[in-house]
1. Select from A:Thr65, B:Pro39, A:Leu87 the residue farthest towards the positive end of the dipole of the protein assembly as shown; place +1 on Cβ of Lys and Arg, -1 on Cβ of Asp and Glu, and compute about the Cα centre.
2. Once fully extended, how much extra length lies between A:Ala10 and A:Ser24, figured as 0.36 nm per residue of separation less the alpha-carbon to alpha-carbon distance?
3. With springs only between Cα atoms under 10 Å, which of A:Val93, A:Val101, A:Val27 fluctuates most in a Gaussian network model of chain A?
4. What Kirkwood hydrodynamic radius do you get for the protein assembly as shown when you take the inverse of the mean 1/r over all pairs of distinct Cα atoms, in Å?
5. Rounding to the nearest 20 debye, state how big the charge dipole of the protein assembly as shown is about its Cα centre with +1 on each Lys and Arg Cβ and -1 on each Asp and Glu Cβ.
6. Let me see the P(r) profile for chain B: every Cα-Cα distance counted, bins of 10 Å, each bin given as a percent of all pairs.
7. Taking the stretch B:59-113, which GluC sites (Glu not before Pro) meet the DSSP loop condition and have no more than 10 other C-beta atoms within 10 Å?
8. What is the mean number of Cβ atoms from other protein chains located within 10 Å of the Cβ atom of each residue in peptide B:89-98, rounded to a whole number?
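Read the figures in this text as sums done on the coordinates, not as results from a lab. None of these values were measured; they are calculated from a predicted model. Methodologically, a virtual Cβ is constructed for each residue, glycine included, from the backbone with ideal geometry; neighbour enumeration extends over all protein chains shown.
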Amino acid sequence: EDQVTQSPEALRLQEGESSSLNCSYTVSGLRGLFWYRQDPGKGPEFLFTLYSAGEEKEKERLKATLTKKESFLHITAPKPEDSATYLCAVEGVGQGAQKLVFGQGTRLTINP
Amino acid sequence: EAQVTQNPRYLITVTGKKLTVTCSQNMNHEYMSWYRQDPGLGLRQIYYSMNVEVTDKGDVPEGYKVSRKEKRNFPLILESPSPNQTSLYFCASSLSPRGDTQYFGPGTRLTVL
């Protein structure tokens, strides 16, 4: 069974203090790994898709990387508006039609 | 603007009163899906649809029905809602059924008394 574990559950940083969020996964053949941002009471907002180990993608202060067992979301010099819950999800080749298995998320708070 | 819309956004109802949550996408996506999000349990898939008239169960389908008569619409039906269906519901869509990014709607917060 595909599984996703995110750590830490919650992270509090000062504005400008860089850090990384971890997403460990087990999947029967990775079809894709997805990062989303979710604000309270709102729908997940797509950030990145990674397909193979070694792949990296960047967007503003965020950078996502992928290995065969985990993905990291690096946040550089964060601002208060980066505060949100970050969700990681995987889609495995054994799932048949597209099914995302989500982690529990990391709740990120950036203090000014 | 490319988007997934859901209605209503908020709903309070009573046990046993049938309700429908609508979902519509304007991106000509083949694949659509429903999720529920509960504290401590994360996002879990309820039903999905590969294309018009093709639907299948996800991880937590009990108590729900869906239909896909048109490509753009994928309503979620609760024929006899119960309190354990109180949750935050999200509709999502993607261009194709495998490997493509799913885009989520804004959510429907449902309370069943």
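1. So the residue we want is B:Pro39.
2. That works out to 3.5 nm of additional length.
3. A:Val93
4. The Cα-based Kirkwood calculation yields 18.0 Å.
5. 500 debye
6. Taking all Cα pairs of chain B, the binned fractions are 16, 51, 29, 5 percent.
7. Details: sites: B:Glu62, B:Glu70, B:Glu79; in loops: B:Glu62, B:Glu70, B:Glu79.
Here the sparse-neighbourhood loop sites are B:Glu62, B:Glu70.
8. Average neighbour count from other chains, rounded to a whole number: 3.
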